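Just so it is clear, none of the values below were taken in a lab; they were calculated from the coordinates. No experiment lies behind these values; they were computed from the predicted model shown. So basically every Cβ, Gly included, is an ideal-geometry build from the backbone, and we count neighbours across all protein chains shown.
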Amino acid sequence: MATPRISFDHIHLLSRDPVKAADWYVEKLDGRITASTEVRGAPQVLVQFEGATIIIRGQRTGESASDKGGLQWGIDHYGFQVDTDFDDYCSQLKSRGVVFDLDPMDFGPELRIAFIQAPDGVSIELLYRKKN
């Protein structure tokens with residue numbers, strides 16, 4: 001049997017208001033809504049980025065979601081790689097009202113990072129890999 005090859009497909013988020021959250025990803029990070037449907041009784045919106053999909057769904061009947069209360073086991077954040085002038089991009093995000101938990105900083109000689117807040121307690125790392 002050949003060794004299986006896997007590749008990243010999507011991030012799946014739960015949201016109080018999936019449409020509003022999807023709009024945030026479009027307005028702030030230039031994502032593109034590719035579908036808006038109802039799946040098993042809950043609204044679900046797909047937002048596409050270059051090489052990444054975020055699926056945002058609402059609460060289903062009978063489910064009970066709660067707010068994130070700080071650091072928890074499991075996924076802490078996810079990252080988007082930026083391929084342009086990193087500091088300028090971060091300044092543009094700030095002008096769009098994006099809140100930064102960590103302003104742009106060098107994280108070693110070849111990497112620059114920042115952390116931003118997204119809807120529903122989601123944390124996103126922005127990364128810029130310096131070209132030598």
So what's the gap between the Cα centers of the stretch 1-29 and the stretch 74-102, to the nearest angstrom?
17 Å
Would you mind calculating the relative contact order of the stretch 91-132 from Cα pairs under 8 angstrom and at least 6 residues apart, reporting the percent as a whole number?
31 percent
Would you mind calculating the relative contact order of the stretch 6-60 from Cα pairs under 8 angstrom and at least 6 residues apart, reporting the percent as a whole number?
43 percent
Using DSSP to call loops (not H, G, I, E or B), can you name the chymotrypsin sites (Phe, Trp or Tyr not before Pro) in the stretch 1-46 whose Cβ has at most 15 other Cβ atoms within 10 angstrom?
F8
Long-range amide H partners of L126 with built H, under 5 Å:
F80, A114, F115, I116
Quote to one decimal, in nm, the extra length available between S95 and M1 on full extension: 0.36 nm per residue of separation minus the C-alpha distance between them.
28.6 nm
Rounded to the nearest 20 debye, dipole of the chain from Cβ charges on Lys, Arg, Asp, Glu
340 debye
Using a Debye calculation, one point per C-alpha and no hydration shell, please list log10 I(q)/I(0) for the stretch 76-132 at q = 0.14, 0.23 Å⁻¹ in order.
-0.34, -0.89
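Run the numbers for H12 and E50: contour at 0.36 nm per residue of separation, minus the present Cα-Cα distance, in nm. Display every interim value, and only then the final one.
On the way: separation 38, 0.36 × 38 = 13.68 nm, distance 1.64 nm.
Going from the current span to full extension adds 12.0 nm.
Tell me, in nm to one decimal, what length is gained between Q59 and L127 on full extension, where the rule is 0.36 nm per residue of separation less the Cα-Cα distance?
Numbers: separation 68, 0.36 × 68 = 24.48 nm, distance 3.10 nm.
Gain on stretching Q59 to L127: 21.4 nm.
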Placed amide H near F107: partners under 5 Å, 5+ positions off or other chain
R112, I113
Apply the Karplus curve 6.51 cos²θ - 1.76 cosθ + 1.60, θ = phi - 60°, to the phi angles in the stretch 114-124 and return the couplings in whole Hz, x for Gly and Pro.
7, 10, 10, 9, 10, x, 6, x, 7, 10, 10
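222 nm [θ] for the chain, helices only, -39500 (n - 2.57) per DSSP H run of 4+, per residue, to 500?
Working: 2 runs with 22 residues, N = 132.
Calculated at 222 nm, the ellipticity per residue is -5000 deg cm²/dmol.
Only loop residues by DSSP count here, and only those with at most 16 other Cβ atoms within 10 Å; note down the chymotrypsin sites (Phe, Trp or Tyr not before Pro) in the stretch 95-126 that meet that. Before the final figure, lay out each step's value.
Values: sites: F100, F107, F115; in loops: F107.
Sparse-neighbourhood loop chymotrypsin sites (Phe, Trp or Tyr not before Pro): F107.
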Could you pull out every one of the aspartates and glutamates with an alpha carbon less than 18 Å from that of K130, ignoring same-chain neighbours closer than 8 positions?
D83, D85, D87, D88, D103, D106, E110
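If contacts are Cα pairs under 8 angstrom and at least 6 residues apart, what is the relative contact order of the chain in percent?
This gives 21 percent for the chain.
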quick shape note, the stretch 6-60: Cα extents on principal axes in Å, largest first -> 30, 28, 15
Bins of 10 Å, beginning at zero and ending with the bin holding the largest distance: percent of Cα pairs per bin for the chain, please.
11, 37, 34, 14, 4, 0
